[in-house]
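Data first, discussion second: the structure below is written as structure tokens.
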Amino acid sequence: MIRLAGCLILAVTASCVARGPAPGGEATGARADRVVAGLRPGVVVVGAAPVLYRLVDRLAHHHVPGVSIAVVDSGRIVWARGFGVREAGTTDSVTPTTFFQAASISKPVTATAMLRLVDQGVLDLDTPVNHYLTSWKLPDNRFTAEAPVTLRRIVSHNAGLTVHGFRGYATGDAIPTVPQILDGLKPANSPPVRVDTTPGSIWRYSGGGTTVMQLVLTDITGETFPALMKRLVLDPAGMTESGYHQPLPVEMRGHAATGHEGDGSVTPGRWFTYPEMGPAGLWTTPSDLVKWAMAIAAARNGGGHAILSQRLATEMLTEQKAPSGLGPMLHGSGRMFWFGHDGANHGFRSDLVYFPELGRGAAVMANGDQGTALIEEVMRALAAEYSWPGYRPAREVELVAADSTELTRYPGSYVVSDPAPATLTISSDGRHLFAEVSGYMVRAEIGLVAVDRGVNLDTGDELTFVFQRVGPATRVDFWGVSFSRVDPR
């Protein structure tokens with residue numbers, strides 16, 4: 001390790017900002033150093049010593065080549081640093097200005113543009129969206145006859161619309177238009193976006209809904225989506241390293257992180273293209289994401305030159321249909337209130353957290369499909385260092401002992417075909433159990449909390465084992481699906 005200008009520079013570190021004393025008087029570098037040396041799992045085992053990880057080790061463990069972090073304390077960015085490389089097999093370091101795909105964090109930023117047009121009287125939150133759509137119409141049916149699809153319901157995920165998310169398009173794929181996407185017509189690779197339940201009746205996440213809103217914004221303004229987002233949100237929020245560019249222009253590619261598969265290999269073509277720009281198309285940096293969060297918090301406080309009126313900023317951060325506000329996801333109350341969003345595009349993962357009452361928060365972006373677990377470990381380290389009250393506490397578990405004979409009942413290969421083919425491999429070293437889902441979850445230790453229940457000691461995810469009266473497990477329920485045992489041939 002080499003210390004340079006107050007910032008810890010590891011072999012994987014690129015650069016940093018915000019030197020000097022932190023708001024509490026302690027050197028920012030020392031606090032950042034504790035974070036990168038103090039990543040934490042999602043589980044605390046009763047009676048066991050606390051577990052801390054180094055970021056450099058966890059990058060390798062999760063097969064994630066690079067990560068970028070920006071931290072806010074007392075209402076200002078106190079440090080931003082990049083770790084690892086933009087592309088595996090190179091020495092091209094991640095920096096605080098490296099672009100990543102924000103994936104679904106695009107949604108609340110897109111919602112901000114819509115709300116600015118509401119502030120200007122161009123749009124209304126409670127008018128049926130077909131009133132604004134000109135290049136395509138959302139098909140009416142018996143559900144829309146009961147209640148309308150409105151912008152308010154779209155951004156708070158209770159408009160009754162289908163299509164959770166989008167796969168993106170690999171290099172060389174034909175790129176569909178937005179109307180083709182909404183109707184599920186080739187070359188679109190997703191089903192049509194339709195209303196299949198009464199609007200307002202249930203909360204159900206819908207990237208399809210945000211794509212409808214994307215078309216509302218371009219139809220009503222006559223601008224391209226990247227241009228209107230720059231004018232309405234990115235420039236006013238000071239997001240100078242951001243853009244809804246799909247595909248990414250050639251002149252920006254030298255500053256972009258490359259996406260990576262679950263095994264750490266480079267995504268073919270470096271990244272996928274998302275014409276569904278509203279829900280998934282933002283390229284940005286962690287620093288720009290926290291600038292957006294701070295701008296929304298400032299508007300809610302009635303700050304001058306605010307990006308939104310105080311009324312709409314307050315409404316944006318008020319629950320519409322739990323857990324959604326008008327774009328962001330909302331958690332906690334009082335001093336423990338925080339808003340944010342996470343994101344997952346092919347080859348990229350991201351997360352944004354902001355406590356507006358405290359002026360604290362962070363954004364973390366990673367260029368690998370296994371980045372979610374890594375980001376959660378980083379966020380827990382940040383929560384501990386910067387005292388984020390009530391933030392996703394680690395799960396406390398008490399483990400049960402199993403002898404080596406009992407442990408032989410768990411190992412094996414277990415498969416599932418829906419919603420995607422995957423193989424769960426359970427193994428044992430005679431004293432401990434381990435689980436791995438190729439391409440989705442790296443090998444992690446599983447602690448038994450009961451004979452038929454285990455917990456991933458990194459993430460806290462629970463596995464349920466189904467046994468016959470004798471013999472090995474026949475099924476493992478994990479992540480909401482059932483993996484069936486495959487007998488070796």
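The values are calculated or read from the model by the stated rules, or taken from the named source; none is laboratory data. Here the structure is a predicted model, which means the values were calculated and not measured. Glycine also receives a Cβ, built like all others from the backbone with ideal geometry; neighbour counts cover every protein chain displayed. Each accessible area value is taken on the protein alone, full model and side chains, heavy atoms only, with ligands, DNA and RNA left out. Shrake-Rupley method; radii C 1.70, N 1.55, O 1.52, S 1.80 Å.
Tabulated data for the structure shown
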| read-out | value |
| --- | --- |
| Surrounding net charge for F143, when Lys and Arg each add one and Asp and Glu each subtract one, Cβ distance under 14 Å | +1 |
| Test item: Cα-centred dipole of the chain, Lys/Arg +1 and Asp/Glu -1 on Cβ, debye | 460 |
| Test item: Cα-centred dipole of segment 363-421, Lys/Arg +1 and Asp/Glu -1 on Cβ, debye | 120 |
| Per-residue SASA entry for I202, accessible area with 1.4 Å probe, Å² rounded to 10 | 70 |
| Dipole of segment 291-352, positive direction: furthest Cα of G302, L352, F339, with charges on the beta-carbon | G302 |
| Accessible area of the chain divided out per residue, in Å², using a probe of 1.4 angstrom | 40 |
| Helix-only mean residue ellipticity at 222 nm for the chain, each DSSP H run of n ≥ 4 adding -39500 (n - 2.57), per residue, nearest 500 | -6500 deg cm²/dmol |
| Heavy-atom SASA rank of T197, T98, T91 (probe 1.4 Å, accessible area, largest first) | T91, T197, T98 |
| Prolate/oblate/rounded call for segment 351-454, Cα gyration tensor, a/c under 1.5 rounded | oblate |
| Net charge dipole size for segment 296-424 [Lys, Arg +1 and Asp, Glu -1 on Cβ; Debye, nearest 20] | 540 |
| Option label - percent of Cα pairs over 41 Å apart computed here, alternatives [x] 20; [y] 28; [z] 45 | [x] |
| Positive-end residue of G208, P128, T162, charge dipole of segment 85-209 with Cβ unit charges | T162 |
| Burial order of peptide ranges 240-250, 394-404, 425-435 (average beta-carbon count within 10 Å, highest first) | 240-250, 425-435, 394-404 |
| The chain - share of DSSP beta bridges that are antiparallel (%, nearest 5) | 95 |
| Burial order of peptide ranges 32-38, 69-75, 44-50 (average beta-carbon count within 10 Å, highest first) | 69-75, 32-38, 44-50 |
| Accessible carbon and sulfur surface of the chain relative to its total accessible area, %, 1.4 Å | 53 |
